[in-house]
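Remarks on the structure that follows.
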Amino acid sequence: MLNRTLKVVFDRTINNVLFGIALMLLLAAYIAIGSGFSGVRAYFEMNELEFFGAWPLKILMALLVVNLITVTWTRIPLTPPRYGVWTIHLGIITLIVGLGGYYWNKIEGQVRIPLGQQVEHFYDSAERALYVKVNNEVVDTVPLTKLPRFKEYGDENFNTAKLAKTGLRDIQPAMTVRDAATGQPKQIPLNEAYGWKEKLQVDIVGYWPYANVATSFSTDESSDDVGVRVAMEDPHSGKLQETWLLASDSRYKARQIAGGNLEVEHRHQTDPNIVDGLKTAAAQILQLSFAAGDKKGDTFVEVGKIYPLGETGYTITIESFNPQWPMFGTGEMVRAMTMMVKSPTLSYRRMILEGKTVQTDFKLDEEGAGPMGKRQTEPLDKTLSLSFATTDPFRLLPLVSATKHTFLTTGDGKLVDIEVSLEGKSSVTEYPTGRGVVDIVVDDSGPRGPFQPAPTTAESEHRHDVKLSVARVDKIVKDETVLVVPSVQREREIGAAGVFQIVRAKLTMGQWTKTVLVPFTDSAAEADAQWLSPSVKLPNTEQKIQLALCNTRFRLPAKITLANFELVRYPGMDPESTRGLFRDFRSTLIIDDPRTSTSETAVAHMNNPVYFDGGRWLFFQAAYDSEASSFTVLGVGNRPCVWIMTTGCVMIFVGLMYAFYLKPIIIRNMKANALAAAAARNKKPVEAREPEPVLV
Amino acid sequence: MKRDRQECLPYERSAMRNLFAFIVLLLLGLVSPALADNFSSKLKFDEFRKVTVQDRLTLKTFDTYARQTINTISGKSSLDGEDAVYTVIDIACRPEKYVDRNIIKIKNVPLRQDFMRLTNLDATERDRILQEGTISLTTWTSEPVQQLMQQLQAKEIFKAKAIQQVNEAAGTLQNLAGQFVLVRLIPPSDKAADKKNWIGLANVIGNVAAVRPMPAGVGTAPAALPGYDDATVAKAFDALAKVTVFWQHEQPESVNEQLNLAAELLPQINPAVYPSSLNRAVELMYNRAFKMTIPGAFLYFGAFVCFLVSARSGVVGVRLWGLRIFVLAFLVHTVGIGVRWWLVATQHNSWFDGIPIKNQFESVLMSAWFGALIGLVLEMRRSRAIFGAAASFVGWLSLVAIFATPYVTGTEIGAEIGQVAGVLMSYWLYLHVTLVVASYALIAMAFALSVWWLSNYYKNYGTFKRRPARQLSGDVVDLDEMPAGGNVSGGAIQLSGGFLQTLARVMFVPMPRSAVEVKSTKAVSSTSTLSDDTTGDAGARFLATLDACNLVVLQLAFWVLGVGIILGAVWADQSWGRPWGWDPKETFALVTWIVYLVVVHVRVATAQKAWWTAVLSIIGFFVMLFNWIGVNFFLVGLHSYA
């Protein structure tokens, strides 16, 4: 009885064509829903790859394979007309097996390679990890495979408990060290590595897929921190713009303000000797060395000032300092200083370059000469030799803006403003009350936004005199809250890239706890990555810990250097343009294979990836630096089971051709042969027929 | 709940109005010149419209450039019924006539609604913007409007694309207004730093002695560009400068004279890089002939009617005329593709890069062509009029669709020749897309046959429902078998003699009587053992014949789509690093293929094979249509350019 029931069930399911059709329709429905309704995927916290790798699809696929095998074996006789169907079914099974193997072993991600640099790692395209720094050094990467992706979690949403999963709770960062006995690498907890008494534990207690961290500053008597508030009135809108500087937090230590015209930095220094050293250093950035005959000397100089050169009899007036001077011929960018030189007999202009021996003189008052004078191929005065060097041990020079203000808060309640311009000018102003006003010039004649009218007036109209109010703020505290970006303001591609993800992490060490917001940081393990979470001083230790959220990093199968990057433009395109429609993007790569110690040069470009390790890996052109073409982004992926899938596809194709076009011919021939045989036997002709399909 | 006319949403009214305007334009297109003003009616652009301009990374005739420019600004092919060439030059020479006119099109209706927030515009103007969807350059660049757009871009990021469209329209008008000197009419010289970039008159001022001394306060003249014959450049410059002056003074004879002179001189500046006069003339004719879509559609429709009548009536002569018209339509269609291929290839200096299958217009054009080719071969070989009817129907519908879509929906589908994303410059594109769009044409043919089958089924049985008894299906029809006996197909006819004799008769070659004897299809195997409809009436047997034809087309569609998907996976592996990424376009192509996979299996597992085939084929068609068109609009994925 049981056997009979099982037989009926078997015949109506696994051994049933209609059941197979139902499975196919379910597969189609699953795929259509998963692909067409992103909300369904979001509900289950899955991206495409996760949704199409989930158990319902696996079960459907497995059932389909079993159904195919069973039906093929029991219902389709292995006769010449049926070879096609057999091949197709076996091809489908092979393809499904290949796909299973492919996605089981698949690794894929991206790597950003700056021009001329070598990389050894890439970042996974989907999996995220918590990166841990101790004292500014990355010590651990903890994969967060269970981290949600689409919905918001946290106390604000009353669903923190849903994050209580293995992998998101009780994370104990560790450090990889080499075992003294075996010499093999091993992981030890950070408390062991640093000798802490208590274990450090990290729990993920909040997640936001698309949000910003809003920071506010206030004062609190319990705080011993000091900061600086900088405020200026926008020359266009008249609105007050406020910036906070906090030396104790690397993220708020320095800022660019006034549309990039100005760099401001805060330093808190209680040692009066160091404060004096900083003040002095501002005027000693340009060091000039001179030699005339046997008379030599050094002096610190500033633009606009006159200096007698010791006992040489020469006097110089420093006219300008240019930190970005393109050298004649080579175009190499060097620092250049121009000065007027006067001796008892000669007066001329001289330009000298840092680190170069060349001295270019310009003869004054020559007819037809430019404003600098007539350039000489040989120095007018070979007696005088000048050179200069920039010395900035305290990093007072601006990095990108024209001017930098370094605000010092001192132990005696003062505020000191050290101003240094790229031209080498400097000034020091003290504000004993801790408050002051700095006069600055804002030049907004730079690139225009899409809605700003094009500049039509003289450049001077774009220069605005602005007063910068600066104030020292003692007992400052910083509060960080999550600001969820409304859905109408979200950009889909940026959201998919995950750059606005934030997790809230709770750090625990014994009785001590601290909650921090950890925003996503692109390429977090690279040296130039800016981690956006605060550095937290651990109790009773000398260490500071900092966290970052980023995609998991893996080692590349080869070391890759970007030797060249080329944008191939269409005719009619601005030759300088780095945005728009391009014909091609070409990255010339030098690939060093660590196993064979060989190196090869290859070009990855559109539709033409570079295959490595006999096709087991490929590197393809994925993105580029649309600002300056200074880096390329390569897609990286392995290619497991590709040959199995290819075999499956070929079998399906061959089988289809056989079933659709060869089978009718075979049947026709069989029919003709049967008729001929019947005629030969001199019997009544019987029309040979194709066997009736097995109906279910 | 039924809505009355007053409840019609603005975008619905807009679409209806566009459709109406489209029809009226078609009917009255030739009358429009009569509306032109006196000055414009005396202008002759026959030569000047053929000069070459570099615009949007493409070399094109001034005529094409002008139409595209007016279309970008206003969303229409012409303004005030004037020739687009006239309007473009008029904007360049007399910008004051246009900057305050409401000619900039705002295509996005929700964006128009945002203008209701602007209190500096009066209520009437706000309503007009909402209704008409147009705005002037002055209003668009005004501070309140720009502030509103900034707010929208910051707070409602999904409107960025809509704002970009208006920005592009306004930018095009702004760049053209009074700026004839910026239009890139001058070919690069052999010594130019960038030998592919054309330049405007403003760039060659240094080569024109007459204008080199700059007025006080303007600065110094730029250096002369190397490699040009300054005398020729100066003459062309002078002619175009005079066009502006004479135009402003409305002296049509003088304008005509200078335009013709400029049209003669511009190719002489560097004949080596200037497109040939044949190339330019062909481009002009191609555009004038609606890119061969309307002539092709007209002929396909004629063929479709003939095939339909023939299939039902059994009149051989009508079918022959259907074949003749169909061949003519196919030739026109082929010429359209060939001309386009040539024109695109000259842009790239490569026949390979020029294969026109890189945007929606071209893929539909090619899809219909493949459908027509396969339909023609099947129709000639297995003469039924049924294949011809299905293929000509698909050809007609496709060509009408690609012609009408930009006018009715305001959506640009790539009808104008231009550049595409570099990723599409691959031989994999041709293999993958060609096969996929060919399968789409076959799926559309199967859809037509299935609808035909269902309508005949309803006619025969009075219901669309599946009848419980087993039915005749195409499995009992041997399309290759030459039948004997009466006309049992209900109209499906067959000529004896096969492909060559059919071809001969199409070509009006007289054939001996015996060879052209009309024979009907056998349609049903005499040994069929089906329980009812075994012998079947004529209607049932016609259904079986239709089903057999449908099966031929479906088999082709099934494997062609399958191979297309697999080749797409190979391309994806190279381009995106994995063969299958569950991208919406991929997944819905797979869903379409699975639907036809089910069709294959229901023919084994059910008794009502033909009914299931027809129903699933119709479902498959809509899944395919969603994949081809719908996914582009509703879903976001890697195939965003497709």
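Alpha carbon centre of the range A:379-437 versus the range B:244-303: separation in Å?
Going from one Cα centre to the other spans 65 Å.
Give the calculated FRET efficiency between residue A:576 and residue B:182 to the nearest 0.05, with a Förster radius of 25 Å applied to their Cβ-Cβ distance. Mind dumping the intermediate values first?
Numbers: r = 18 Å, r/R0 = 0.71.
E between residue A:576 and residue B:182, to the nearest 0.05, is 0.90.
How far apart, in nanometres, would the label points at residue A:372 and residue A:61 be if each is projected 7 angstrom from Cα along the Cα-to-Cβ direction?
Each label point lies 7 Å from its Cα, and together they span 6.8 nm.
What nm distance separates the two modelled labels at residue A:342 and residue A:443, each placed 7 Å from Cα along Cα→Cβ?
Distance between label points: 2.9 nm.
Based on the Kirkwood radius over alpha-carbon pairs, what is the Stokes-Einstein translational diffusion coefficient of the protein assembly as shown at 20 °C with 1.002 mPa s viscosity, in µm²/s? Don't skip to the end; give the middle numbers.
Numbers: Rh = 37.9 Å.
Translational D for this selection: 57 µm²/s.
Place the peptides B:434-447, A:343-356, A:245-258 in order of packing, highest mean first, counting for every residue the other Cβ atoms within 10 Å and averaging per peptide. Display every interim value, and only then the final one.
Values: B:434-447: 26.9, A:343-356: 16.1, A:245-258: 18.8.
Most protected by this proxy first, the peptides run B:434-447, A:245-258, A:343-356.
What dipole magnitude, in Debye to the nearest 20, does chain A give about its Cα centre under +1 on Lys/Arg Cβ and -1 on Asp/Glu Cβ?
4340 debye
Mind checking which of A:164, A:567, A:393 is farthest towards the positive end of chain A's charge dipole, using Cβ charges of +1 (Lys, Arg) and -1 (Asp, Glu) about the Cα centre?
Checking the options against the dipole of chain A, the answer is A:164.
Looking at the calculated P(r) for the range B:254-365, what percent of the C-alpha pair distances fall above 24 Å? Present the calculation step by step, with values, prior to reporting the outcome.
Working: 2932 of 6216 pairs.
Summing the P(r) of the range B:254-365 above 24 Å gives 47 percent of all pairs.
Where Rh is the Kirkwood radius over the Cα pairs of the range A:497-617, the temperature 20 °C and the viscosity 1.002 mPa s, what D in µm²/s does Stokes-Einstein return? Kindly include the intermediate steps, with their values, before the conclusion.
On the way: Rh = 18.7 Å.
The Stokes-Einstein estimate is 114 µm²/s.
Got the relative contact order for chain A handy, in percent, Cα pairs under 8 Å and 6 or more residues apart?
Values: 1357 pairs, mean separation 129.2, N = 696.
Here the relative contact order equals 19 percent.
Once you average over the residues of B:568-578, how many Cβ atoms of partner chains fall within 10 Å of each Cβ? Mind dumping the intermediate values first?
Numbers: counts 0, 3, 3, 1, 0, 7, 7, 8, 6, 17, 13.
Mean number of neighbouring Cβ atoms from other chains: 6.
Any chance you could look up the accessible area of residue B:116 with a 1.4 Å probe, heavy atoms only, rounded to 10 Å²?
Result for residue B:116: roughly 80 Å² accessible.
Relative contact order of the range A:122-187: what whole-number percent is it, with Cα pairs under 8 angstrom and at least 6 residues apart? Before the final figure, lay out each step's value.
Values: 67 pairs, mean separation 16.1, N = 66.
Worked out over the range A:122-187, it gives 24 percent.
Go through A:171-177, B:184-190 and give me the packing order, highest mean Cβ count within 10 Å leading.
Working: A:171-177: 16.9, B:184-190: 21.0.
Highest to lowest by the protection proxy: B:184-190, A:171-177.
What does the charge dipole of the protein assembly as shown about its Cα centre add up to, to the nearest 20 debye, if the Cβ of each Lys and Arg holds +1 and the Cβ of each Asp and Glu holds -1? Can you show the working numbers first?
Values: 132 positive and 126 negative charges, 1312 e Å.
Dipole size: approximately 6300 debye.
Please figure out what share of the DSSP beta bridges in the protein assembly as shown is antiparallel and state it in percent, rounded to the nearest 5.
Working: 178 of 188 bridges.
Counting DSSP beta bridges with both partners in the protein assembly as shown, the antiparallel share is about 95 percent.
Assigning unit charges at the beta carbon (Lys, Arg +1; Asp, Glu -1) and nothing else, what dipole magnitude in debye, to the nearest 20, does the range A:570-635 show about its Cα centre? Don't jump to the answer; show the numbers that get you there.
Values: 5 positive and 9 negative charges, 43 e Å.
Here the range A:570-635 has a charge dipole of around 200 debye.
What is the pair-distance distribution P(r) of the range A:356-418, computed from all Cα-Cα distances in 10 Å bins starting at 0, with each bin given as a whole percent?
Going from the shortest bin to the longest, the percentages are 16, 24, 21, 22, 12, 5.
Can you list the residues of the range B:97-138 with backbone N under 14 Å from a point 7 Å past the Cα of residue B:147, pointing along Cα to Cβ?
B:117-121
Once label points are set 7 Å from the Cα along Cα→Cβ at both residue B:430 and residue A:670, what is their separation, rounded to one decimal in nm?
4.1 nm
Going by alpha carbons, how many degrees (0 to 90, nearest 10) lie between the helix axis of A:663-680 and the longest principal axis of chain A?
Relative to chain A, helix A:663-680 is tipped by roughly 20 degrees.
Of B:622, B:246, B:62, which has the most accessible area and how do the rest follow, probe 1.4 Å? Mind dumping the intermediate values first?
On the way: B:622 110, B:246 50, B:62 0 Å².
My answer, sorted largest first, is B:622, B:246, B:62.
Per residue of A:604-617, what is the mean number of Cβ atoms on other protein chains within 10 angstrom of that residue's Cβ? Each step should come with its number before you reach the end.
Working: counts 0, 1, 8, 11, 3, 5, 0, 1, 0, 0, 0, 0, 0, 1.
Other-chain Cβ atoms within 10 Å of each residue's Cβ, averaged: 2.
Taking residue B:105 as the anchor, which lysines have their alpha carbon closer than 16 Å to its alpha carbon, excluding any fewer than eight residues away along the same chain?
Filter leaves B:76, B:159, B:161.
Using a probe of 1.4 angstrom, how much of the accessible area of the range A:541-691 is carbon and sulfur, in percent? Don't jump to the answer; show the numbers that get you there.
Details: 4300 of 7590 Å².
With neighbouring chains kept in place, the figure for the range A:541-691 is 57 percent.
Take the Cβ-Cβ distance between residue A:363 and residue A:231 as r, set R0 to 45 Å, and report the resulting FRET efficiency rounded to the nearest 0.05. Display every interim value, and only then the final one.
Details: r = 50 Å, r/R0 = 1.12.
Calculated value: 0.35.
With a cut-off of at most 12 other beta carbons within 10 Å, and DSSP calling the residue loop, which chymotrypsin sites (Phe, Trp or Tyr not before Pro) in the range A:156-217 qualify? Please list them.
Values: sites: A:158, A:194, A:196, A:207, A:210, A:217; in loops: A:158, A:196, A:210.
When the chymotrypsin sites (Phe, Trp or Tyr not before Pro) of the range A:156-217 are filtered for loop state and at most 12 Cβ neighbours within 10 Å, A:158 remain.
Please state, rounded to one decimal and in Å, the Kirkwood hydrodynamic radius that chain A gives when every pair of distinct Cα atoms enters the mean of 1/r. All intermediate terms of the calculation are to be shown ahead of the outcome.
On the way: mean 1/r = 0.0307 Å⁻¹.
Evaluated on chain A, it is 32.6 Å.
Distance between the C-alpha centers of the range B:97-138 and the range A:196-245? Whole Å please.
Centre-to-centre distance over Cα atoms comes out at 43 Å.
Summarise the partner chain shielding of B:581-587 as one whole number: the mean count of Cβ atoms from other chains within 10 Å of each residue's Cβ. Let's see the in-between values first.
Details: counts 4, 10, 2, 6, 1, 2, 10.
So the per-residue partner count for this stretch is 5.
Please report the relative contact order for the range A:23-130, taking Cα pairs under 8 Å with a sequence separation of at least 6, and give it as a percent rounded to a whole number.
Numbers: 49 pairs, mean separation 19.1, N = 108.
Relative contact order here is 18 percent.
In the range B:355-406, which trypsin sites (Lys or Arg not before Pro) are in a loop and have at most 11 other Cβ atoms within 10 Å, using DSSP for the loop call?
Working: sites: B:358, B:381, B:382, B:384; in loops: B:358, B:382, B:384.
Those that pass, being in a loop and sparsely packed, number zero.
In Å², rounded to the nearest 100, what is the total accessible surface buried by chains A and B against each other with a 1.4 Å probe?
On the way: alone 39220 and 29680 Å², together 63370 Å².
The A and B chains share an interface burying roughly 5500 Å².
Name the residues of the range A:130-152 whose amide N is less than 14 Å from a point 7 angstrom out from the Cα of residue A:176 along the C-beta direction?
Flagged as within label range: A:132, A:138-143.
What ranking, highest mean first, results for peptides B:163-176, A:521-534, B:391-404 when packing means the other Cβ atoms within 10 Å averaged over each residue?
Numbers: B:163-176: 18.9, A:521-534: 16.6, B:391-404: 24.8.
Top of the packing list down: B:391-404, B:163-176, A:521-534.
So how far, in whole Å, is the C-alpha centre of the range B:350-426 from the one of the range A:492-506?
43 Å
May I ask you to rank B:545, A:588 by accessible area, largest first, using a 1.4 Å probe over the protein chains only?
So, going from the largest accessible area down, we get A:588, B:545.
Give me the number: length gained by fully extending residue A:18 to residue A:145, i.e. 0.36 nm times residue separation minus the C-alpha to C-alpha distance, one decimal in nm. Walk me through the numbers before you get to the answer.
Values: separation 127, 0.36 × 127 = 45.72 nm, distance 3.90 nm.
The span from residue A:18 to residue A:145 would gain 41.8 nm if fully extended.
Using the C-alpha gyration tensor of the range B:301-378, what are the square roots of 5 times its eigenvalues, in whole angstrom, with the largest one first? Walk me through the numbers before you get to the answer.
Details: eigenvalues 209, 23, 14 Å².
One finds semi-axes of 32, 11, 8 Å for the range B:301-378.
For the protein assembly as shown, build the charge dipole from Cβ charges (+1 Lys, Arg; -1 Asp, Glu) around the Cα centre, then report which of A:231, B:542, B:284 sits farthest towards its positive end.
B:542
What trypsin sites (Lys or Arg not before Pro) in the range A:368-414 are in a loop by DSSP, with at most 16 other Cβ atoms within 10 Å of the Cβ? Kindly include the intermediate steps, with their values, before the conclusion.
On the way: sites: A:374, A:375, A:382, A:395, A:404, A:414; in loops: A:382, A:395, A:414.
Sites meeting the loop and neighbour criteria: A:382, A:395, A:414.
With point charges of +1 on the Cβ of Lys and Arg and -1 on the Cβ of Asp and Glu, referenced to the Cα centre of chain A, which listed residue (A:63, A:47, A:629) lies farthest in the positive direction of the dipole?
The one lying farthest along the dipole's positive direction is A:63.
Which value in deg cm²/dmol, rounded to the nearest 500, describes the helix-derived mean residue ellipticity at 222 nm for the protein assembly as shown, given -39,500 (n - 2.57) per DSSP H run of n ≥ 4 and division by the residue count? Provide the component values of the computation, followed by the final result.
Numbers: 33 runs with 511 residues, N = 1338.
Counting only the DSSP helices, I get -12500 deg cm²/dmol.
The values are calculated or read from the model by the stated rules, or taken from the named source; none is laboratory data. As the structure is a prediction and not an experimental result, all values here were calculated from the model. Using ideal geometry, Cβ is built from the backbone for each residue, glycine included, and neighbour counts are taken over all protein chains shown. Accessible surface is based on the protein model in full, side chains and every heavy atom, while ligands, DNA and RNA are left aside. Shrake-Rupley method; radii C 1.70, N 1.55, O 1.52, S 1.80 Å.
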